[in-house]
Structures are given as C-alpha cells and as structure tokens.
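What follows draws every value from the coordinates through simple rules; no lab data is involved. Quick caveat, the model's predicted, so the values are computed rather than measured. Note that each Cβ is placed from the backbone with ideal geometry, even for glycine, and that neighbours are counted across all protein chains shown.
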Amino acid sequence: MFRGDNQFSFNIEDHELVVDNFAGGGGASTGIQLAIGRPVDVAINHDPDAIAMHKTNHPLTKHYCESVWDINPVEACAGSPVGLAWFSPDCKHFSKAAGGKPLEKKIRGLAWVAMRWAATVRPKIIMLENVEEFVTWGPLINIGSKEQRPDPARKGDTFKSFVHQLRQHGYDVKWKELIASDYGCPTIRKRFFLVARCDGQPITFPKATHGNPNKQPVNGKTLKSWKTAADIIDWSIPCKSIFNRPRPLAEKTMQRIAKGINKFIIQNEQPFIAPGEATIAPFITECANGSSQRNMAIDEPLRTICAQVKGGHFALVTSHMIKMRGTNIGFPTNEPVHTITAGGNHIGEVRAFLMKYYGTGIGQDINQPLHTIRTGDCFGLVMVRGEQYQIVDIGLRMLEPHELFTAQSFPSDYIINVDHTGKKYSKAKQVARCGNSVPPLLAEALVNANYQRLINIEQVA
C-alpha cells in the first residue's frame with residue numbers, strides 16, 4: 001500500500017520537518033513522500049473535505065484544518081528545524097481560465113504566507129507552485145463599485161516585490177515553468193515553480209525524463225516515451241450512444257464531436273485502435289476491437305482524462321477526447337491529457353464504432369450537428385490497416401474520477417471516494433480535489449532535484 005499505514009512512527013522533535021501548506025487532497029504531499037521515503041510532517045488546508053482525503057491517505061501526518069494565516073509556524077514546528085516548506089496557493093485568481101470573473105485581493109495575496117514562514121522558522125528550502133501567470137502578479141484596481149481587476153500599468157510589480165523580500169531574508173530565488181508530461185505524468189499540465197533556498201546549496205530544476213515519441217530525443221532513446229490518455233482510460237466502462245439519449249446533446253457539443261471525429265478518425269492516417277478485446281455495446285451489432293482518441297492523439301500524454309471504448313465482437317472502436325468548453329474539438333488519445341481543473345468534470349471521451357464497409361453511403365457536412373445514424377447511412381469512412389470501415393455509431397461519456405486521478409499520476413491505491421471515517425465523497429468533490437492537486441510525479445522530480453536530505457525514520461518492528 002502507498003500510504004504505509006503502521007510502517008513508521010515519527011517524533012516531530014527528532015528530525016528536520018517537511019511542511020505542506022495548501023495541502024489539498026495530497027498531490028504535493030504524495031510526490032514529496034515518493035521523493036523522501038516518508039510522509040510530510042505537517043499538512044495545512046482550510047477545506048475539511050480536502051483535509052479528510054489527505055488524512056485518509058497520509059494518516060501519520062499532523063493535520064491542521066485551518067486557514068494558513070491562522071497557523072503560527074513557530075508553534076506548528078515545536079522548535080524543530082524546517083527542511084522543506086511547500087506552498088500551492090489558490091491559482092484561480094491568476095489563471096487566464098478565470099476569464100472575466102471579479103478578483104479578490106485576499107485570495108491573490110495568499111502567497112505572502114510563504115514570507116511569514118521565511119521570516120519565522122526559516123525553512124532551508126521553499127517551493128511554491130502556481131499557474132504560469134503568477135509572474136504577472138500585480139496590485140488590483142477598482143472597476144465600478146464592487147469589482148477589482150489587475151492594474152495593467154503595474155503588471156508583475158507584486159511578484160517582483162515578493163522575490164525581492166525573499167532575497168532580503170537571505171534566500172536565493174529561481175523559477176521555471178515545468179510540464180507534467182515531461183516527468184512521466186499522463187497530462188500536459190504546465191505550472192510555474194519557484195524555488196528559494198537559504199542553505200547555500202544550488203537550486204536545480206529536474207531534467208525531463210519523458211517526451212514526444214515522434215521527436216528525436218525519444219526516438220534516440222534519450223528520453224522515455226510520454227504517457228498518454230490511452231494509458232489512463234478504463235476501457236471496461238461502457239460509452240452510451242449520443243443518438244439515443246433521453247435529453248439530446250446541445251448543438252455546439254454535436255458540432256465539436258463531428259469535427260473531432262473528422263480530425264482524429266476520418267482524416268487520421270492511423271486512427272488509434274483500443275487495446276485488447278472490445279466489449280459488446282447495446283447499440284452496436286458486431287464490433288471487434290476498441291480504440292480511444294479524445295480530441296487528442298493516443299500516442300501522446302493525456303491532456304484530459306478519457307473514458308473507455310466500447311465495441312462489439314467483429315468491429316473496431318476508435319475514440320478521441322473532447323473538452324466541453326468553448327470551441328474546443330478535443331485531442332487524440334495518443335497524447336497526454338489536457339490540464340484537469342477543479343471546476344467540474346468537463347472532459348469526455350468520444351468513441352466511433354466501426355464496422356467493415358461493404359456498400360455505398362451518403363456523407364454529412366462536419367460543420368453541421370451530427371444526424372442520427374441509420375442503417376444504410378454513412379457518416380464517415382475510415383481506412384484501418386488497409387481495410388475500409390464505416391462509422392455505425394458514436395458514443396460519449398465523461399471521464400470518471402479514478403481516471404482523472406490516474407492522469408494526474410496519483411498511485412493506484414490512493415483513496416479518493418471515502419474519507420478516513422468511511423464517509424463517501426460525491427464525484428464533484430473528487431474531481432475538485434483532483435483538479436486542485438499538484439501531479440505527484442512532478443512534485444517528486446522537483447524535490448529529488450533539490451532536497452536529498454534523509455529524514456530520521458524510526459521503523460516499527
């Protein structure tokens with residue numbers, strides 16, 4: 001088991017502490033544990049659901065379900081030195097994904113809690129994770145009576161001040177954007193990482209271990225091939241037909257699906273075919289094999305979590321991933337999953353069910369919503385390994401929470417559906433914990449590159 005229950009006991013006064021502020025459901029803590037071989041000592045988060053998930057998977061950690069500003073670092077550390085302090089402050093008020101929503105000064109200022117730790121307990125290493133727009137952090141100005149927006153004339157001023165004050169406290173400071181798929185995560189999630197240290201040791205950012213297999217470093221075996229959406233799809237989950245739904249899909253959704261089918265299946269010289277033997281779908285007569293491609297390639301890391309492919313006994317199944325936002329038509333399943341957000345389960349898998357084609361049919365303009373596919377109609381013809389197939393049905397399903405957590409690189413035994421008391425989480429709460437999390441493998445790589453100090457561990461006999 002990943003959690004290591006009853007394997008170790010700790011005396012908080014006996015070793016150099018590791019603290020996870022804004023711990024959430026435990027993404028950063030999990031990555032840190034993978035790097036140092038033991039749980040973090042202290043985890044702080046104001047959300048009871050997040051702390052409950054963290055406590056379930058990290059039972060030996062000391063938990064604080066409070067605002068980070070309500071925690072006194074000196075008291076929390078009880079006189080022990082701090083080796084590593086991790087910070088993942090709320091990112092939605094920096095991200096371009098926030099759109100035109102009003103911004104809150106108190107949320108944008110959460111990162112300043114790192115300065116409080118630097119001034120009081122002086123961690124040897126501070127690591128801060130956020131969206132790449134964090135470098136544009138600046139003061140807000142009033143827009144109307146209630147709303148606030150960043151001052152365009154002072155873009156980045158607050159970030160510069162933040163870095164300056166860390167240096168005033170004796171820290172060397174560097175930052176860089178890292179992409180999760182470069183470190184073995186099946187998601188292309190890109191994040192800003194700031195590392196500050198005061199122990200005189202150099203700051204190092206980890207070298208990529210994985211890459212696009214279509215590029216020279218991977219072909220030359222310099223890097224491992226990246227993990228893809230296809231790697232995280234639970235192919236056993238059925239995919240319902242889009243044409244037999246009690247409530248029809250929105251016209252724009254049907255347009256997105258049509259464009260994705262055309263791009264990733266019909267016009268694709270090598271449509272991805274799902275691994276293994278496909279299951280029988282109720283709306284398919286004979287299907288033989290399954291394949292999955294969201295609106296992204298299967299040979300690339302997952303951009304968003306995908307579902308499964310459904311087939312029958314003699315047909316082939318292909319799929320792609322689709323984002324239920326804007327005009328996005330998706331991505332193939334041979335790519336990493338797109339960034340997973342906390343706002344909801346907005347990524348789905350589209351499956352095209354194929355049968356060998358023996359006649360003629362009339363196609364359809366892909367700029368129009370999909371028509372109901374009837375016997376004798378032909379939405380699209382696909383060449384698979386030199387043989388012609390016809391799309392006979394199209395399925396759509398949203399990715400399940402366990403697929404999303406896998407895309408974020410959480411261990412397979414990470415508990416996401418119940419807390420330590422046995423209370424069940426809704427899917428919405430599971431997805432929220434996932435979207436807010438740091439990919440563990442990315443955190444592990446960063447910690448391994450900068451924090452090699454072994455913590456004293458007393459193993460239980």
Handout entry: Chain lengthening between Ser67 and Lys215 when straightened (0.36 nm per residue, less Cα-Cα)
Key = 48.7 nm
Problem - Interchain or long-range residues, amide H under 5 Å from Glu177's placed H - result: Phe193
Practice task
Please list, in chain and number order, the residues 5+ apart from Ile141 or on another chain whose amide H is under 5 Å from its amide H, with Hs placed from the backbone.
Solution key: Arg149, Asp151
Fill in the blank from the handout: Computed over the range 166-257, the Cα gyration tensor eigenvalues, each multiplied by 5 and square-rooted, give semi-axes in Å (largest first) of 42, 21, 11
Practice task
For the range 158-211, take the alpha-carbon Rg, divide it by the Kirkwood Rh, and send me Rg/Rh.
Solution key: 1.08
Practice task
Return the long-range amide H neighbours of Lys62 (sequence gap of 5 or more, or a different chain), with a cut-off of under 5 Å between placed amide H atoms.
Solution key: Val42, Ala43
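Peptides 177-186, 25-34, 210-219: what's the order by average Cβ count within 10 Å, highest mean first?
25-34, 177-186, 210-219
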Fill in the blank from the handout: Residue-ordered couplings for the range 261-267, obtained by feeding phi - 60° into the Karplus form 6.51 cos²θ - 1.76 cosθ + 1.60 and rounding to whole Hz (Gly and Pro as x), are 4, 5, 6, 9, 10, 5, 8
Exercise for the section: Filter the cross-link list Lys160/Lys207; Lys155/Lys176; Lys190/Lys259; Lys55/Lys176 down to pairs whose alpha-carbon distance in this structure exceeds 20 Å. Expected result: Lys160/Lys207; Lys190/Lys259; Lys55/Lys176
Handout entry: Efficiency of FRET between Lys190 and Lys146 - r from beta-carbon atoms, R0 45 angstrom, step 0.05
Key = 0.90
